[in-house]
Amino acid sequence: MALVNIQVPDIGDFDEVGVIELLVKVGDTVKAEQSLITVESDKASMEIPSSHAGVVKELKVQLGDKVKQGSVIAVLEATGEAAASDEKPAPAPAAQAPAAIETQAPAAPAAPAAPAAGGGAVEVRVPDIGDFKDVAVIELLVQPGDAVKVEQSLFTVESDKASMEIPSPAAGVLKELKVKIGDKINVGDLVAVLEGAAAAPAAAPAQGSTPAAASAPAAAAPVAAQASAPAPAAATATAPVPAHQPSTPTPGLPHASPSVRKFARELGVPLAEVKGTGIKGRITQEDVAAFTRQVMSGALQTQAQGSKAPAAGGSGVGLDLLPWPKVDFAKFGPVERKELSRIKKISGANLSRNWVMIPHVTNNDEADITELEAFRVSTNKENEKSGVKVTMLAFVIKAVVAALKKFPEFNASLDGDALVYKQYFHIGFAADTPNGLVVPVLKDADKKGILQISAEMAELAKKARDGKLGAADMQGGSMSISSLGGIGGTHFTPIINAPEVAILGLSKSQMKPVWDGQQFVPRLTLPLSLSYDHRVIDGASAARFNAYLGQVLADYRRILL
Ligand code: COA
């Protein structure tokens, strides 16, 4: 086996650069072109690749060492062709470029291209990025509506050799990002439009506030920005208030080499959340691996999983969504602006969270309630004097209790990795009020008869309409029912009332021709829409629950079985 010295190749302007990361250790098998170490100057960082494949016998550098072209980094026991043909230490291939150049900010000041008084639109174009051709956009670091600073990175591109961040030549509000992940870009491509921009002064020093932002390598020339004639909208725009403040901090660009970034991307690790333990807080491959282990073991949640306290008024879910469109509706006709009711604000926030956090599926079915409706009508006649009116909803509540007893996972809530099975049967029902939707909870429905349920429901519905429901009236539900039967519709998708795991939607019952084996007969059918949390409930269970509910409603005696 041949021993090969791996040397630092021609790394351009880099002279006496510090080793800040060791990417391999003795005993590792490396491929040709695999990065061995990361070096960093005051301008940029780059990875030094191995010129051969083989096994690392010795590492000749340590963290903090200074290296330059020709310095020996490692001794490899070469495999493959090199081993067979080359007994001498191979010189570093002169033409070999460094594996990766990581830029955190442009070296030179941003091109003085924005309109002088900071008011117009500025086109951001890809600067001269050296050998980079047709490089893919791999990461978007800002989104439309974000306020960006001069030299703040807008997105990252990556070739097979290096990754690089493209900075903004001016400060302003990002009006449009013309690239998306996967796009291939080249020098001069229009990539973004900034509004209300103030360009970097022509002679601004390229100093950043962090070491990472100090400057960029020769490869990263300043972004070419061209002022376009302000569009009418831009011309009339007043202060450039960002339409959206990103909920996550503007990426301060986690300090990590391209290979670590690639590794993190492959694992889906959000680098911004990883604490770097390398030199100057640099994120190492081991940091990414440790972060992954922590998340997998449940010791850590990523922001996207909702562990962090929600930003004021935010969902806490961390979805990377586009900002809400800002429209001046008055431009299109007369409008009136009314504040949302308190209930609408609260229920809206809850509905949004439940909709995005629970994987909903809705199972639609129908129940034959012909006999039950006849019974309901006769019951109401008999009880006319009592003042209690029985609606189909009371029967459905009792039927749901029977189904919950048969399928206990519907009467449950997720608590971390555990499912809490409830042994009580409290049924919530959505009530429409002038101020919005509320869900009072009818307690201990299993212990009450239809008449009592009807009376309590009427009482709770009145309290709801009068705005007198207390918090206790709306807590402790097993499962909820949303009945639109009195209004109309055929089927719909009710949103689960977290932390419950299912909700039943009722639509308007209708007479339908049903085949009884010999002929079509008119039957009163009630549409049942059962939304369930697919993390807890399988589709088959939901279909069984709904079918059972239909059977009970079709023949109420089944409840006794
Ligand atoms: N099919 C046909 N008719 C139905 C029906 C159904 N599934 N359910 C109720 N009805 C009828 C009732 O029999 C009643 O008829 P009547 O006036 O001839 O006696 C009429 O519709 C009105 O019933 P309602 O007073 O609404 O009683 P209810 O017990 O069905 O519902 C509430 C009570 C409080 C749930 C209901 O008033 C309500 O607020 N529903 C809206 C819920 C909602 O907004 N959900 C949407 C959430 S996204």
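Restricted to the range 404-509, the set of strands (runs of 3 or more DSSP E) holding at least 1 residues that are within 13 Å of the ligand (Cβ to nearest atom) and under 30 Å from the mean Cα position of the chain (by Cα) comprises 436-438, 479-483, 502-506. Residue check: Ala471 meets all listed conditions (1) modelled with pLDDT of 95 or more; (2) closer than 27 Å to Tyr424 by Cα but one, namely (1).
Within the range 510-527, which residues are under 47 Å from the mean Cα position of the chain (by Cα) and of a type outside the set (A, V, I, L, M)? Step through it out loud before you land on a result.
Filtering the range 510-527 for residues under 47 Å from the mean Cα position of the chain (by Cα) gives 510-514, 523-527.
Gln510, Lys512, Pro513, Arg523, Thr525, Pro527, listed by residue number.
I want to confirm something. Restricting to the range 338-366 and keeping residues that are at pLDDT below 95 and in a loop (DSSP other than H, G, I, E, B), which single residue is least open to solvent (accessible area, probe 1.4 Å)? Only one residue tops the list, namely Ser341.
Check the range 529-543 and report whether any residue there is under 25 Å from the mean Cα position of the chain (by Cα), without any contact (Cβ under 8 Å) to a residue 60 or more places away in the chain and in a loop (DSSP other than H, G, I, E, B). Yes; the residues of the range 529-543 include at least one that is under 25 Å from the mean Cα position of the chain (by Cα), without any contact (Cβ under 8 Å) to a residue 60 or more places away in the chain and in a loop (DSSP other than H, G, I, E, B).
For the range 504-535, filtered to residues that are surrounded by 18 or more Cβ atoms within 10 Å (Cβ to Cβ) and aliphatic (A, V, I, L, M), the residue that is nearest to Val400 (Cα to Cα) is Leu504. The lone criterion from (1) closer than 28 Å to Ile346 by Cβ; (2) within 16 Å of the ligand (Cβ to nearest atom); (3) not aromatic (Phe, Trp, Tyr) left unmet by Ala399 is number (1).
The values are calculated or read from the model by the stated rules, or taken from the named source; none is laboratory data. Only a predicted model underlies this, so the values are computations on that prediction, with no experimental measurement involved. Heads up, the Cβs are rebuilt from the backbone with ideal geometry, glycines too, and the neighbour counts pull from every protein chain shown. These accessible areas exclude ligands, DNA and RNA; they are computed on the full protein's heavy atoms, side chains included. Shrake-Rupley method; radii C 1.70, N 1.55, O 1.52, S 1.80 Å.
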